[in-house]
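Please read the structure below before turning to the comments.
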Amino acid sequence: MASAAVQQLPLWEERGVEAAWRVRRSERARRLGVRVFHDGSVEVVVPPRARPREVQDFVARHQAWIERQRQRIAPATVAFPPERLELHAIGETWICRAVPLSVLVREAAPVPGGGVLELNASAERAALRSALLGWLAARAAAAFPPRLAALAAGFGCSYRQVQIRRQRTRWGSCSRRGTISLNFCLLFHRPAVLRYLMVHELAHLTHLSHGPRFWGLVAQYEPHWQELDRELTRGWRMVPGWLLSALRA
């Protein structure tokens, strides 16, 4: 795999808050490029011999475009606490109710397909948000590993372990040692998209790079992978605004 160096740098000041961005040097890059992620962070990809002044000039020329993209991808609402949580990937709907509680979050009379999620009505926003993130991670930790194990059995492969993570820009990953990481935000995707992401990461156990043999293996288990991959790429719009804000924190 090509080597890359990442350098954290400030880009510009916006309303007194420094925007998050980074410069990534790539051996494969032939020209400067820029990407704006769902959380508003910016990555500038540069060739190995690019000079700092060249990078700064490139960013200055594209600053207006970068800001338009950041405004476009900003969540329409960050209403909190949520009224309901639609966990499409595992077929669950949870109605959220603020009630007097001695704990922050509690499942009330859960039933197959969801239930009622009680939220502490007097809790501080930050504490309640953290508790909801923990609850979502726990739901993913209960639901994702059995699905991944079943797919791995169909692949005839094995992985070292599975981790449920709170990733800002990635839906999943597979390490050289066979550790598969899954973003709990996948809960808000369709089951077919979750399955595709798992197939994708399992294929990396055989082929680490995204070459023709990798995609050929993916296609064996998911013939419609291109459509699902596009849906996954656009998938941050499926995540509630308050959760996207939490990922930025």
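No lab work stands behind these numbers, since they all come straight from the coordinates. This structure is a prediction, so every number in the text was calculated from the model and none was measured. All Cβ positions, even for glycine, are placed from backbone atoms using ideal geometry, and neighbour counts span all protein chains on display.
Before moving on, here are some points about what is shown:
- Proxy reagent accessibility, fewest Cβ within 10 Å first, across Asp57, Asp229: Asp57, Asp229
- Paired Rg and Dmax values of the chain, which use every Cα atom, in angstrom: 20.3, 61
- Across the options Ala138, Ala123, Pro82, the greatest Cα extent toward the positive end of the charge dipole of segment 66-183 (unit charges at beta carbon of Lys, Arg, Asp, Glu) belongs to Ala138.
- A simple spin-label model places the labels of Arg147 and Arg213 2.9 nm from each other, with each point 7 Å out along Cα-to-Cβ.
- Cα gyration tensor, segment 72-145 - rounded (a/c under 1.5), prolate or oblate: oblate
- All-pairs alpha carbon distance profile, segment 130-219, 5 Å steps from 0, percent: 3, 14, 26, 26, 18, 9, 3, 1, 0
- Relative to the Cα centre, the charge distribution of segment 84-248, modelled as +1 at Lys and Arg Cβ and -1 at Asp and Glu Cβ, gives a dipole magnitude of about 480 debye.
- Of the residues His204, His210, His88, the one with the fewest other Cβ atoms within 10 Å heads the list, and the complete ranking is His210, His88, His204.
- For segment 151-158, Karplus couplings with θ = phi - 60° (6.51, -1.76, 1.60), whole Hz, Gly/Pro x: 5, 4, 5, x, 6, x, 10, 9
- Projected area averaged over orientations for segment 29-155, convex hull of C-alpha atoms, nm²: 12.7
- Fewest-first ordering of Ile95, Ile164 by other beta carbons within 10 Å of each residue's beta carbon gives Ile95, Ile164.
- Note that segment 116-124 has calculated 3J(HN,Hα) couplings of 10, 10, 8, 10, 5, 5, 9, 6, 5 Hz, one per residue in order, obtained from phi through the Karplus relation 6.51 cos²θ - 1.76 cosθ + 1.60 (θ = phi - 60°); glycine and proline are x.
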